[in-house]
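The values are calculated or read from the model by the stated rules, or taken from the named source; none is laboratory data. Bear in mind the structure is a predicted one, so any value in this text is a computation, not a measurement. Don't worry about glycine lacking a Cβ; one is built from the backbone with ideal geometry, like all the others, and counts go over all protein chains shown.
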Amino acid sequence: MTPPSRTIVPIEAVTPETPSTVTLRFPWTAGARPGQFVMVWIPGEDELPMSLSYPEGPLGGVTVKAMGETSRKIQDLRRGDRIGIRGPYGTPFDLTPHRVLIVAGGSGAAVLAPAAEAARREGHSVDVALGAVTAGELLFRERFERMGARVEVATDDGSEGTRGYVTPVADRLLEGNPYDALWTCGPEVMMRRVADRAERAHVPVICSVERQMKCALGLCDACALGPYHVCVDGPLLPWERLKDLEEFGRSYRDPAGRRKAYGPGRP
């Protein structure tokens, strides 16, 4: 695997994906595998961890959702602006399963789309349960369809597909199909619910976990989750490591490292 690197790169393209997400493409020679992430830095601003929505060269890419001040500033960048890229870091997907179910909530599709593409290139079948608040926020739906995946969608407001959360769609697919693996990324409450259901169906689960990351080296303890550091032990973690952790899907750590409970859970 290519060792992590640090470089300043020009932005080659800016593509709006949904009203809240934008993809930035940049020259990328370090190479990465689906599931890995990089630290993205705007000179003079903060550094943020971001999954690679396009992990391979010659143009890499990250898909940025407007969440806080720094992510909004990243979204405001234009072609020709320069950003810092440090990485890649983290664990990649195992691409050996032949029948894969992907469950993506919101911006979680950014890390799962390249994994699905890699699985399809290996000749594997991919089904996708894709969820969003509203139809316009269904991230990478067309990308999943172009690669030949079967896609079923859910929207909170019922503007497209099943009305409500994506978890019932995942349940229905698990009931009707034999899968070798389930890959999921999205709110932790959603992932816990989906993984518990998949375990009962005897389907191995990999969760792509998002936590506060500052160093990406396992030193600062910001991304601690039970005995793990998400930046080095993850971000891909099997359900077997997560299911007995009191924190997972129930609480998180704020930028100061204080543990806080999630609000009302999404099933």
Identity of the residue in region 40-87, under 27 Å from E117 (Cα atoms) and in contact with a Pro (Cβ under 6 Å, 6 or more places away or on another chain), that ends up surrounded by the fewest Cβ atoms within 10 Å (Cβ to Cβ): G87
First in region 155-169 and within 20 Å of W183 (Cα to Cα) and part of a loop (DSSP other than H, G, I, E, B), second anywhere and at pLDDT 95 or above and among the β-branched types (V, I, T), Cβ under 7 Å, 6 or more apart: V166/V103
Which numbered condition R197 misses (of (1) part of a helix (DSSP H, G or I); (2) modelled with pLDDT under 95): (2)
The lone exception for D94 - which of (1) part of a loop (DSSP other than H, G, I, E, B); (2) assigned by TED's automatic domain parsing to the domain that holds W183 it fails: (2)
Failed criterion for S125 (all others in (1) farther than 20 Å from F93 by Cβ; (2) touching a residue at least 24 places away in the same chain (Cβ under 8 Å); (3) among the polar types (S, T, N, Q) hold): (1)
Subset of region 1-15 that is at pLDDT below 95 and farther than 12 Å from G84 by Cβ - its residue that is surrounded by the most Cβ atoms within 10 Å (Cβ to Cβ): P4
